[in-house]
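Every number here is computed from the coordinates shown, using simple stated rules; none is lab data. Just so you know, these numbers come straight off a predicted model, no measurement behind them. With ideal geometry, Cβ positions are generated from the backbone for all residues, glycine too; neighbour counts draw on all protein chains shown.
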Amino acid sequence: MHEYSIAYDIYTTARRAALDNSAKEVKGVCVDVGRMAMVNPEQVEFLFNIIIEDDPLFAGARLSCRDIEARTRCSCGYEGSERFVCPGCGKLPEVVAGMEIVVTNIEIEVGEE
């Protein structure tokens with residue numbers, strides 16, 4: 001179950017960013033999850049919530065996953081969503097988006113100095 005390691009990596013990325021910016025609280029984390037990443041976003045959210053349970057920095061934090069469609073490109077000039085056979089020439093197109101898992105935004109609360 002690689003969703004646990006992905007959820008943990010999201011947590012450590014957000015935690016490191018929060019501590020580097022002297023955060024009092026992490027309010028939310030946004031992640032782009034490509035459809036071809038072979039990950040179940042609901043499981044990642046569930047496991048993330050379990051991981052943050054005992055961390056007061058993440059009290060009330062929410063993880064939101066945005067679904068990213070697959071996009072491909074072919075040497076013949078085709079660009080679109082066909083993943084397996086280029087409709088223009090019949091070759092295997094190159095996947096240019098939709099395989100990523102990327103933390104895109106971390107919302108934190110910082111103290112007044």
- Sorted largest first, the Cα spans of segment 1-61 on the principal axes come out in Å as 35, 20, 15
- Message: Pairing rule first: another cysteine's C-beta must sit under 4.7 Å. Under that rule, which cysteines of the chain stay single?
- Response: Cys30, Cys65
- At q = 0.14, 0.21, 0.24 Å⁻¹, what is the base-10 log of I(q)/I(0) for the chain according to the Debye formula with one equal point scatterer per Cα and no solvent? Please give it to two decimals. -0.63, -1.01, -1.20
- Computed FRET efficiency, Cβ-Cβ of Tyr8 and Val96, R0 25 Å: what is it to the nearest 0.05? 0.35
- Quick one: which residues, 5 or more positions from Ile68 or on another chain, have an amide H under 5 Å from its amide H? H modelled 1.01 Å from N in the peptide plane, none for Pro or chain starts. Val33, Gly34, Arg35
- Item | Selection of trypsin sites (Lys or Arg not before Pro), segment 50-113, meeting DSSP coil and at most 13 other Cβ within 10 Å | Lys91
